[in-house]
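The values are calculated or read from the model by the stated rules, or taken from the named source; none is laboratory data. This one's a predicted model, so the numbers in the text were calculated from it and none came from an experiment. With ideal geometry, Cβ positions are generated from the backbone for all residues, glycine too; neighbour counts draw on all protein chains shown. Remember, those area values only see protein heavy atoms, side chains included, never the ligands or the DNA or RNA. Shrake-Rupley method; radii C 1.70, N 1.55, O 1.52, S 1.80 Å.
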Amino acid sequence: VPAVPVLFKQALENTHVEEGKSVSLRCELTKADATVVWKKGEATLQASAKYEMKQKGTVAELVIHNAEPEDA
């Protein structure tokens, strides 16, 4: 039996934030606790003081602290 693919129930939306503030990006998946990889272009983001990754059930969230223009 082939695996059922994980799809987005709610995709990311464009979000605006003031420079220096934190911003939260969220998406909702069709399968709970699916593996989520956050990327900026080709680079995979790693958890750090700047990038905080959270996942609860079907909702995955990336929090970017101290947002800068380069984070666009």
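Restricting attention to region 4-52, which trypsin sites (Lys or Arg not before Pro) occupy a DSSP loop and are surrounded by at most 11 other Cβ atoms within 10 Å?
Within region 4-52, the qualifying trypsin sites (Lys or Arg not before Pro) (loop, at most 11 other Cβ atoms within 10 Å) are LYS21.
For a quick check: with amide H placed at 1.01 Å from N, whose amide H comes under 5 Å from TRP38's, ignoring anything fewer than 5 positions away on the same chain?
Hits under the 5 Å cutoff: LEU45.
Rounded to the nearest 20 debye, what is the charge dipole size of the chain about its Cα centre when +1 sits on each Lys and Arg Cβ and -1 on each Asp and Glu Cβ?
Dipole of the chain, to the nearest 20 debye: 360 debye.
Probe of 1.4 angstrom, ligands and nucleic acids ignored: what's the accessible area per residue over the chain, in square angstrom?
78 Å²
Quick one: accessible surface of LEU7, probe radius 1.4 Å, all protein chains present, in square angstrom to the nearest 10.
It works out to around 100 Å².
Would you kindly calculate the translational diffusion coefficient of region 8-71, applying Stokes-Einstein with the Kirkwood radius from alpha carbon pairs, for 10 °C and a viscosity of 1.306 mPa s, and quote it in µm² s⁻¹ without decimals?
128 µm²/s
Spin-label point model (7 Å from Cα, Cβ direction): what's the HIS16 to ALA72 distance in nm?
Distance between the two pseudo-spin positions: 1.2 nm.
Over the chain, with every protein chain in place, what whole percent of the accessible area is carbon and sulfur at 1.4 Å, could you tell me?
53 percent
Would you mind calculating the relative contact order of the chain from Cα pairs under 8 angstrom and at least 6 residues apart, reporting the percent as a whole number?
Answer for the chain is 35 percent.
Cross-link candidates for LYS54: which aspartates and glutamates have Cα within less than 20 Å, leaving aside residues fewer than 8 places away along the same chain?
List returned: GLU13, GLU28, ASP33, ASP71.
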